[in-house]
Structure formats: C-alpha cells, structure tokens
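Asker: Quick one: this structure, given as structure tokens, is what I'll be asking you about.
All of the numbers you see were taken from the coordinates with simple rules; none came from a lab. Values in this document were obtained by computation on a predicted structure and should not be read as measured data. Cβ atoms come from the backbone with ideal geometry, glycine included; neighbour counts cover every protein chain shown.
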C-alpha cells in the first residue's frame, strides 16, 4: 500500500489492486477524482498527480540505500 498526502489535503491510500500497469516501470491509479502516475527508476520514484482542477503536482522519492 502506498500512502501520500500533504498539509493542504487529506491522506490518500492506494492499494496494489488499484494500480494499472502501463509498462514495466509505470503504474496509474485514479482516486477521489485525481489521477496518479508512479514512475519507477533505478534510483528514485517519481509521482505525478493530476488534480481535480487539472493542476499538476509532482514529487520524487529517492531509493533507500
């Protein structure tokens, strides 16, 4: 399970079963009107959120060493 959120919004839980595989490194999910794209790279994870107002929120999480 992945969990994300920020100080401006509530947390969002996305279960493995809610993810749609796009290719070997990319997964999509939709929840509460937002679209989430997870891109897995060698050293980090990139998350792009398309919000209900069509604004884009992006973030990266480094791989634990």
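Asker: Please find the FRET efficiency linking residue 42 to residue 22, where r is the Cβ-Cβ separation and R0 is fixed at 22 Å, and quote it to the nearest 0.05.
Answerer: The formula returns an efficiency of 0.80 here.
Asker: On to the next question. Order these peptides, 51-60, 29-38, 11-20, by their mean beta-carbon neighbour count within 10 angstrom, highest first. If you can, show how the numbers build up before the last one.
Answerer: On the way: 51-60: 9.9, 29-38: 14.4, 11-20: 11.7.
In decreasing order of mean packing, 51-60, 29-38, 11-20 become 29-38, 11-20, 51-60.
Asker: Shifting gears a bit: In the range 14-39, which residues have a backbone nitrogen under 16 Å from the label point lying 7 Å from residue 60's Cα in the Cα-to-Cβ direction?
Answerer: Inside the label zone: 38-39.
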